[in-house]
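The values are calculated or read from the model by the stated rules, or taken from the named source; none is laboratory data. Because the structure is a prediction, the values reported are computed rather than measured. In this analysis, Cβ positions are derived from the backbone assuming ideal geometry, glycine residues included, and neighbour counts consider all displayed protein chains. Accessible surface is based on the protein model in full, side chains and every heavy atom, while ligands, DNA and RNA are left aside. Shrake-Rupley method; radii C 1.70, N 1.55, O 1.52, S 1.80 Å.
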Amino acid sequence: MSQTPRAPGAKLRVAFRRVAIGCLLLGGAVAAASADPGASPVSDPRFADFFEANCCYCHDESEKSGGLDLTTLVFDPDDATSMKLWAMAFDRVESGEMPPQEESSLEPAERSGFVSGFERFLHEESAKRQEEFGRVRARRLNRVEFENTLQDLLGVDLPIRDLLPEDASQDGFDNIADSQQISRHLLEKYLEGIDLALDEAFRRAETPFPEYTLDLKPEQVVQNKAKRINGRGPHSYQGRALSFLTNGSYQGRLEPTTVDRDGWYRITIRARAHKAPPGRGVWTQVRTGEVWGKAPTLYWAGYFEATNRARDFVMETWMQAGHKLEVQPGDRTLKSVTVKRLETDKSVFESDFPAVAMEAIKLERINKGMDQQQIQRRLFSDLRLRKGRLVSSKPREDLRRLMLRFSRIAYRRVVDESEIAAHLDFAQGRLDAGAPLLSALKSGYRALLTSPRFLYFTEFPGELDGYSLASRLSYFLWSSTPDVTLLSLAHRGKLSDPEVLSEQVDRMLDDPRSAAFVENFAATWLNLKEIDFTNPDTNLYPEFDQVLKHSMLDETHAFLTELIRENHSVTHLIDSDFAMLNERLARHYGIDRAKVSGRGFRKVRLKPSDHRGGILCQGSVLKVTANGTTTSPVVRGVWLQERILGEPISPPPDDVPAVEPDIRGATTIRDELEKHRSSKACMGCHKKIDPPGFALESYDVIGGWRENYRVLGKKGRWWAKGPAVRPGYRLATGERFNDLEGFKALVLKRPERVARNLLHQVLTYATGATIEFADRREIDQIVERLATDDYGFRSLLHASVKSRIFQSK
């Protein structure tokens, strides 16, 4: 869970905000002129006979098969939903799915002629709209990009995103221009974040960073009942502070670590395992908060595996004033001890109850932004700050010069003075009214940051200019503003050179900041942002814990990073002969833990009996595609078809009830779905959804391998072995498979399908716009070229950046 900084003491300027909100609303409301909807293709002489003979007998006003009436469906190129439906109709005919073979005598030549003509028609109509308005409408910074941009621009390290509401999603992504609504409330929150960051930047420019270091020995953090201090803290044993896994809340509270100021802190814990099970360590979680029942929210700081050898474990986290550390074992598979016994039975320390034994704790306040001199240069350039005042012999001239300089950094492009005239007049008015230069400059910067030029991407229909290309590339791979190198290349007109662009893509991917792409892309593409949407039932899955959950996320990030770094084929998303694991995950997956040694995640070679390989078998994906109690082939099947194979699935009809698994074990989900598929309205989609869903049934709610379902035991407590899992099925093509390995083999017969979908997902994320029909031809060409490089992931990213789709508005 993330934390929001406390509001600064400076009062927010209400009148200024009203003006700023008005400017942003006017600047952000880009309304494309809407053309009159065209006549339906059903009545178009070029296609009317085909639709009448092959489609309308099921998709007319009376039948409406699948809820679709082609005879009244308007063709409107300006309406994304309309274009999506007609594209879907095209896809169904091209694939041979429609009209159904058993109900049609359509000749191949007739189908081919229709497909060719209708593709040309849809492509031309889609291309016309792109030429006039561009693919991407008015796109603004989402909450993650907004936070990163303010941090990089102003040199501050405040967490700001939680001030803003969640961004709306479209096709899973939260940066799509068409879904970005603007409201007064949202703009108020953006301005609140701007004020917070500006106030902090100017404060840090004026005052040195407050250093703080706290070194603690075990005796300073352990419980001392005699003195009534450090309640619920670790226990003293042989000169170490021992924290056990217990049935109590807030055990392992380190009272002396309470901080008096919001900020980033580096935590260093020297620790070893105490009474660890044979061949294992003690996985330990570190959280922050008030650590009291009156304020139960705790924030994740990190985790580590304590082993028999003492080591320093380092993590960095944001802490609010008044918060402290809680350190305790976080592995629910370890043996736990009751608080009562721990408090009364000293033999616990010599028994087989594992604990983390801390030998030293260090807490340091750190600055993750610019230092004081760097912030001063960013805000004041060559002017000196003396006793809280900017020294200037020509304040009006310096105000103009500094605001123009700052605007070029904030707006990510060259800015003419006329473009900021209104903002400059506002700041100079403050100066003329007697405000000090420092105050007038801060007001001017605030005015600049309220402009749509900061919050929105500046792009015009057609090919992007160098600055727009630099921004698109930077927000794609770093989720933040372009650096000096990119802006310099843009200024010199070099960035559009294919070789230079390729060099920059490699430079950016090799930079640690590219972790933002891996994490943010995976969060939206794979839906990992919903990892906390459900909590596994503790009776059915008692082994689940937060260490395991964070290990799952880290596994996926490490795996994607490895694919990009080594340019592995994107078919590794379906299957791979290696996994990126730590000991906790290896044990959870039933993989030989001896393969995983040392700190962090290691590349582990897999054998068939490990039942792993690829994205599909990773705990993070398997958890977000299940609820906390059961798995559903429908949910997982839809996820796999849409996110991995690129097959959009229509929502079920309103009058069709959902399939509910029976956790008592009386019937299996397969039995329920067999009844469900007997409905003609459901069969069309379920023949696509169910095969991958059944293939994944060998994995439970938390990604563990299973041969039987878990069901609730007697009286609803704990779990018992239920019906056997049957993962075999057949594809819509009739091809059969017995398990997930067989399903993977069938999917990998068409590797271009996996590559095409990933390219589709990457370009959607990179540009902030969904793929349109006019983009399809270029995507097909890119996929064809990627085949010569075995569809390498890094090659795919390069090809994406070089595409017309990426380099056009």
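Residues in region 305-316 that are open to solvent by less than 30 Å² (accessible area, probe 1.4 Å) and within 25 Å of the chain's Cα centre (by Cα): M315 alone. What do you reckon, is R756 touching a residue at least 24 places away in the same chain (Cβ under 8 Å), of a type in the set (K, R), open to solvent by 30 Å² or more (accessible area, probe 1.4 Å) and in a helix (DSSP H, G or I)? Here the answer is yes, as R756 does meet what is asked. Taking region 544-581 as the range and being under 26 Å from A695 (Cβ atoms) and either surrounded by fewer than 18 Cβ atoms within 10 Å (Cβ to Cβ) or touching a Cys at 6+ places or on another chain (Cβ under 7 Å) (or both) as the test, the residues that pass are D577, F578.
When you look at S471, is it surrounded by fewer than 20 Cβ atoms within 10 Å (Cβ to Cβ), polar (S, T, N, Q), modelled with pLDDT of 95 or more and out of contact with any strand residue (DSSP E or B) (no Cβ under 9 Å at 6 or more places or on another chain), yes or no? So S471 does not fit the description; no. Contact annotation: residue pairs with Cβ atoms under 9 Å, 6 or more positions apart or on different chains, pairing a residue in region 420-436 that is touching a residue at least 40 places away in the same chain (Cβ under 8 Å) and within 15 Å of D398 (Cβ to Cβ) with a partner that is open to solvent by 30 Å² or more (accessible area, probe 1.4 Å) and assigned to a loop (DSSP other than H, G, I, E, B), are P436/G388. For M403, the conditions (1) in contact (Cβ under 8 Å) with a residue 40 or more places away in the chain; (2) not assigned by the TED database to the domain that holds L441 are fulfilled apart from (2).
Residue-by-condition table, conditions (1) touching a residue at least 24 places away in the same chain (Cβ under 8 Å); (2) within 27 Å of P751 (Cβ to Cβ):
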{"site": "H557", "(1), (2)": "yes, yes"}
{"site": "I564", "(1), (2)": "yes, yes"}
{"site": "V570", "(1), (2)": "yes, yes"}
{"site": "I574", "(1), (2)": "yes, yes"}
{"site": "L581", "(1), (2)": "yes, yes"}
{"site": "H588", "(1), (2)": "yes, no"}
{"site": "K595", "(1), (2)": "no, no"}
{"site": "P608", "(1), (2)": "yes, yes"}
{"site": "G614", "(1), (2)": "yes, yes"}
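The number of residues in region 161-182 being in a loop (DSSP other than H, G, I, E, B), in contact with a helix residue (DSSP H, G or I) (Cβ under 9 Å, 6 or more places away or on another chain), more than 21 Å from S471 (Cα to Cα) and of a type outside the set (D, E) comes to 6. Applying the selection to region 459-468, what residues are open to solvent by less than 30 Å² (accessible area, probe 1.4 Å) and either outside any helix (DSSP H, G or I) or in contact with a Cys (Cβ under 6 Å, 6 or more places away or on another chain) (or both)? Hits for region 459-468 are E459, L464. Within region 45-82, being free of Cβ contacts under 8 Å to residues at least 12 places away in the same chain, within 26 Å of S112 (Cβ to Cβ) and assigned to a loop (DSSP other than H, G, I, E, B) holds for P45, Y57, D60.
Scanning region 290-304 for residues that are buried (at least 23 other Cβ atoms within 10 Å of the Cβ) and either among the small types (G, A, S) or closer than 16 Å to A360 by Cα (or both) returns a single hit, F304. Checking each residue in region 491-523 for being closer than 18 Å to E642 by Cβ and either among the small types (G, A, S) or assigned by the TED database to the domain that holds L553 (or both) picks out A522, A523. Cβ separations smaller than 8 Å between residues 6+ apart or across chains give the following pairs from region 716-730 residues that are in the same structural domain as Y541 (by the TED database) and within 25 Å of G742 (Cβ to Cβ) to residues that are of a type in the set (K, R) and open to solvent by 40 Å² or more (accessible area, probe 1.4 Å): K721/R710; G722/R710; G728/R736; Y729/R736; R730/R736. Annotation: of all residues in region 96-128 being in a helix (DSSP H, G or I) and of a type in the set (S, T, Y), the one that is farthest from P45 (Cα to Cα) is S126.
Condition check ((1) more than 20 Å from S698 (Cβ to Cβ); (2) assigned to a helix (DSSP H, G or I); (3) in the same structural domain as F304 (by the TED database)) across all residues:
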site: H550; (1), (2), (3): yes, yes, no
site: R565; (1), (2), (3): yes, yes, no
site: T571; (1), (2), (3): yes, yes, no
site: S576; (1), (2), (3): no, no, no
site: M580; (1), (2), (3): yes, no, no
site: I591; (1), (2), (3): no, no, no
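Scanning region 406-438 for residues that are in contact with a helix residue (DSSP H, G or I) (Cβ under 7 Å, 6 or more places away or on another chain) and either of a type in the set (D, E) or open to solvent by 20 Å² or more (accessible area, probe 1.4 Å) (or both) returns I409, R413, V414, E417, H423, F426, Q428, R430, L431.
Here L404 fulfils each of the conditions (1) more than 38 Å from the chain's Cα centre (by Cα); (2) within 30 Å of G444 (Cα to Cα) apart from (1).
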